[in-house]
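For reference, the structure discussed in these notes is given below.
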Amino acid sequence: MTDDTAARALCPMHQVTFPEAGPPRQATLATGTRVWLVTRYPDVRHVLMDPRFDRRSLYAEDAPRLLAVPNLLDDPDGLLNQDGPAHQRLRRTVQRAFTPRAIARWHPWVAQTVDALLDRFAEQPRPADIIEGFTRPLPVSVICRLMGLDHVDGERLRYWADHALSGGAHTAEQVRRAMTEFGEFGAALVAERRKAPGDDLVSELVAAGDAGGEIDDRQLVSLACGLVVAGHETTMTSLGNTVVYLLTDGRGSWAGLAGSEEAAAAAAEQLLRTVPLSEGRLLPGLIRRAVEDAEVGGVRIPAGSVVAVATNSANRDPDVYPRQEPGARDLFAPLPAPGVVFGAGPHHCLGAWLARMEITLALHRLAVRFPRLRAEFTPGTIDWREGQVTRSPLHLPVSW
């Protein structure tokens, strides 16, 4: 690790720098594979929405190696790695449960979950760890209730999720062993809900898959396991890193979050754009392959080329977002263009609206409940959760 990398690994995520937005240029993955790096906002959206850049061809026989260690995303039959009609068939099975209207129906019980966690957190001796007491259990509680997994050990789910999105913290054999266990859990879950369906998302998935007759059990298991991981990983990581920002450089915005849920929702959009989930590595889910020659941002991308989109850079493109790091007032201003933290196009994250609602409710009610919340940490004392695709704090002591 170079000195620059070590320094970057120790700084809060909102202070991490990324490649400047510019024309597509060559870069190299950890595996040595050469890729075209796309950084400008319009170019990133172009690649994510153009069918000439697909996922399926990344698993062709002549495809170069992308991952040093396998993870949950490295499944040729998974939703992420399908395109066209096959992708739409799988996506239709689950997307109705994640529309904005469907998410709105969950608002009351998500709010109740937030309040219940804050009630327990308020009883802890100070300083208290806000990661262990609030930001980590919240998304796990929500996805478990949504999927009917309240009876499942949350630590076990967390173990599988950590291995599913490992970025080097575990060996290939450790990941394979954990994913085998996770797959067995998912298969048993699908079989159980087929036999005794309930009012939960897994039962809906099984019923929809069986009714259509076009989705096999392996794909249902992949969908269920993917939802368990995606349902809490992004929100957990985002909340932890956002708290670091709000209690340090962004402290002037704290009172504004308590003003209204609408203000907190606007802030959540800004925070999702400016407080990244990862520190610059090229995320597997944001890689495509050109199936024919194409031009992006004035640069010719030859057929067969691997293309990596840098959403963190696109979210800071000065031509789209002149104020790249919002101050206390700007944090509550609407975005001039939608951020791409959840992607764009046919593979846009299904759970985006759920994540937005959880983050909005968490920030608003936390600020209302604890108007004097203050950090009992400094950027230099944060113990980071590293070796995953994302990076977030392991513990954050706070007082009020």
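Tabulated data
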{"item": "Longest exposed-site-free window of the chain, the sites being GluC sites (Glu not before Pro) in a DSSP loop that have at most 12 other C-beta atoms within 10 Å", "result": "124-291"}
{"item": "Gap separating the Cα centres of the stretch 35-82 and the stretch 11-30, nearest whole Å", "result": "18"}
{"item": "Gaussian network model of the chain, Cα within-10 Å springs - most flexible of Phe53, Phe332, Phe377", "result": "Phe377"}
{"item": "Tensor-based shape of the stretch 1-127 (alpha-carbon gyration tensor, a/c under 1.5 rounded, otherwise prolate or oblate)", "result": "oblate"}
{"item": "Rounded if a/c under 1.5, otherwise prolate or oblate - the stretch 84-222, Cα gyration tensor axes", "result": "oblate"}
{"item": "Proximal charge balance of Arg369 [Cβ under 15 Å; K/R count +1, D/E count -1]", "result": "+1"}
{"item": "Rounded percent of accessible protein surface that carbon and sulfur make up, the chain, 1.4 Å probe", "result": "52"}
{"item": "Built amide H within the under 5 Å cut-off of Ser392, gap 5+", "result": "Arg385"}
{"item": "Within a Gaussian network of the chain (alpha carbon springs, distance under 10 Å), most fluctuating of Trp106, Trp254, Trp36", "result": "Trp106"}
{"item": "Solvent-accessible area per residue, Å², over the stretch 87-231 with all protein chains present [probe radius 1.4 Å]", "result": "46"}
{"item": "11 Å beta-carbon shell around Asp216, net charge (K/R +1, D/E -1)", "result": "-3"}
{"item": "Net charge of Cβ neighbours under 14 Å - reference Arg34; Lys, Arg +1; Asp, Glu -1", "result": "+3"}
{"item": "Expected 222 nm ellipticity per residue - DSSP helices of 4 or more, -39500 (n - 2.57), all of the chain, to 500", "result": "-14500 deg cm²/dmol"}
{"item": "Amide H within-cut-off set for Ile301, under 5 Å, with H built and near neighbours excluded", "result": "Ala294, Glu295, Val296"}
{"item": "For the stretch 252-400: rounded, prolate or oblate by the Cα gyration tensor [a/c cutoff 1.5]", "result": "prolate"}
{"item": "Relative contact order (percent, whole number), the chain, Cα cutoff 8 Å, 6+ residue spacing", "result": "29"}
{"item": "Karplus-derived 3J(HN,Hα), 6.51/-1.76/1.60, for each residue of the stretch 367-373, Hz, glycine and proline x", "result": "5, 5, 6, 10, x, 9, 4"}
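The values are calculated or read from the model by the stated rules, or taken from the named source; none is laboratory data. Model, not experiment: these values are computed from the prediction. Because the Cβ atoms are built from the backbone with ideal geometry, glycine has one as well, and the counts that use them run over all protein chains shown. The area values use the complete protein model at the heavy-atom level, side chains included, leaving out ligands, DNA and RNA. Shrake-Rupley method; radii C 1.70, N 1.55, O 1.52, S 1.80 Å.
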